[in-house]
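Just below is one structure, and these are the notes that go with it.
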Amino acid sequence: MFMPPREVVGRSSLHPMLQDLTVERFRPLLDSRFRIVPEGAPTFEVELVEVTEIPREPGGRAPFSLVFQGGPDPPLPQRIYRVEHDELGKLDIFLVPLDADRYEAVFT
């Protein structure tokens, strides 16, 4: 089965590079709404409920995690999903379900 290539995340304001995202970029977005766009399933909204910096060795970007609340029950399986936000634009992020309505993304 032919599958067209997925859109590549570029450096425009609509598509920030994942390595350019930091915990400081997400802290002001705490409690804001994001949209998750699963392939072949309806888009749904989630709320960013946790932004946590992860301790690290000196140098480089500080790793961090995000927890989103909301979504279908049963939860979607872990994988890369398109996540959209009015301010951040579109991101392809690996999400792991923590519970029926909670998803985590970890940036290292």
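Per-structure values
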{"read-out": "Residues located in region 40-82, provided they are more than 17 Å from the chain's Cα centre (by Cα) and either among the acidic types (Asp, Glu) or at pLDDT 95 or above (or both)", "value": "GLU57, ASP73"}
{"read-out": "Looking only at region 89-100, and only at residues there that are under 19 Å from LEU29 (Cα atoms) and in contact with an Asp or Glu (Cβ under 8 Å, 6 or more places away or on another chain), the one that is surrounded by the most Cβ atoms within 10 Å (Cβ to Cβ)", "value": "LEU95"}
{"read-out": "GLU104 vs. criteria under 10 Å from the mean Cα position of the chain (by Cα) and not aromatic (Phe, Trp, Tyr)", "value": "yes"}
{"read-out": "Residue in region 75-82 that is more than 22 Å from ARG27 (Cβ to Cβ), surrounded by 15 or more Cβ atoms within 10 Å (Cβ to Cβ) and touching a Gly at 6+ places or on another chain (Cβ under 9 Å) present", "value": "no"}
{"read-out": "Residue within region 29-51 that is touching an Asp or Glu at 6+ places or on another chain (Cβ under 8 Å), acidic (Asp, Glu), surrounded by 10 or more Cβ atoms within 10 Å (Cβ to Cβ) and not in a loop (DSSP other than H, G, I, E, B) present", "value": "yes"}
{"read-out": "Residue within region 12-22 that is in a loop (DSSP other than H, G, I, E, B), among the small types (Gly, Ala, Ser), at pLDDT 50 or above and touching a strand residue (DSSP E or B) at 6+ places or on another chain (Cβ under 7 Å) present", "value": "no"}
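The values are calculated or read from the model by the stated rules, or taken from the named source; none is laboratory data. Keep in mind that what you see is a predicted model, and the values were worked out from it rather than measured. Every residue, glycine as well, gets a Cβ built from its backbone with ideal geometry; the counts of neighbours run over all protein chains shown.
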